Amino acid sequence: TFGDVAESTQAVIALMGQFKFKAGDMIEAFGIINAVSAKYASESDSIIKAIIRTGGVFSIASRGVSEGSKALAEFAALFNSIESTTRQAPETIATGLRTIFARLQRPDTIKFFRSLGIELADLEGKFIGPYNAIQKIGIALERMQLSTRDPLFSQIVEVVGGVRQYAQVIPLLTNVTLQQEAFNV
């Protein structure tokens, strides 16, 4: 399910360059992708396409928090939570995630969520990483029992992804249990 040899080669290059895997780590890397694909409605080649397009942004945003296998598992879990519920093209999801990962780190975004009691920075004031941020926001939304029709929910979605990424942000924020399950796989 990994697509053709050319695409798999691109995946190896992306995994090595973005997630800092070594050649000997490819069995582990492809194992992570395959495990998520086997259990959920995401194809391995879809996850690979997303890694090629957005893995670098995720990896950089996660640096110092999650790296290597852990970062790849987090990325696959987030991607899966959107693809398995929306069935959007992997390229579309990857483009949305690139925007979302960048927006989550903005000082204004961190300040907005702090005003809601959701901390996206650590004690040193550094961003906690995209996976942790999505998990914190999603769990807080569950705790708040905020309806998706509530104006605050719409404001949160817009802060996270802008008006063009609603289709990615909503499943991302409402599927945190699925993300954690996929990460655990």
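The values are calculated or read from the model by the stated rules, or taken from the named source; none is laboratory data. Being a predicted model, the structure only gives us computed values, none of them experimental. Ideal geometry is used to build each Cβ from the backbone, glycine not excepted, and the neighbour counts take in all protein chains shown. Protein only, heavy atoms only, side chains kept; ligands, DNA and RNA dropped before computing areas. Shrake-Rupley method; radii C 1.70, N 1.55, O 1.52, S 1.80 Å.
Carbon and sulfur together cover what percent of the accessible area of region 119-169 at a 1.4 Å probe radius?
51
Of the labelled options (i) 17.8; (ii) 16.4; (iii) 22.0, which one gives Kirkwood radius over Cα pairs in Å as computed for this structure?
Among (i) 17.8; (ii) 16.4; (iii) 22.0, the one calculated here is (ii).
Which of the GluC sites (Glu not before Pro) across region 45-126 are loop residues per DSSP, with 11 or fewer other Cβ within 10 Å?
The qualifying sites are Glu124.
Which value, in debye to the nearest 20, describes the size of the charge dipole of region 1-130 about its Cα centre when Lys and Arg Cβ atoms bear +1, Asp and Glu Cβ atoms bear -1, and nothing else is charged? Provide the component values of the computation, followed by the final result.
Details: 14 positive and 14 negative charges, 79 e Å.
Here region 1-130 has a charge dipole of around 380 debye.
Helix 130-144 against the longest principal axis of the chain: what's the angle in degrees, Cα atoms only, rounded to the nearest 10?
40
State the percentage of accessible surface on region 1-80 attributable to carbon and sulfur atoms; use a 1.4 Å probe and exclude ligands, DNA and RNA.
After summing per-atom areas, the C and S share lands at 58 percent.
Once you place label points 7 Å from the Cα toward the Cβ at Asp150 and Ala38, how far apart are they in nm?
4.0
Tell me, what is the percent relative contact order of the chain, built from C-alpha pairs under 8 Å that lie six or more residues apart?
Rounded, it is 24 percent for the chain.
Before I look further, what does the chain give for accessible area per residue, probe 1.4 Å, in whole square angstrom?
Value returned for the chain: 47 Å² of accessible area per residue.
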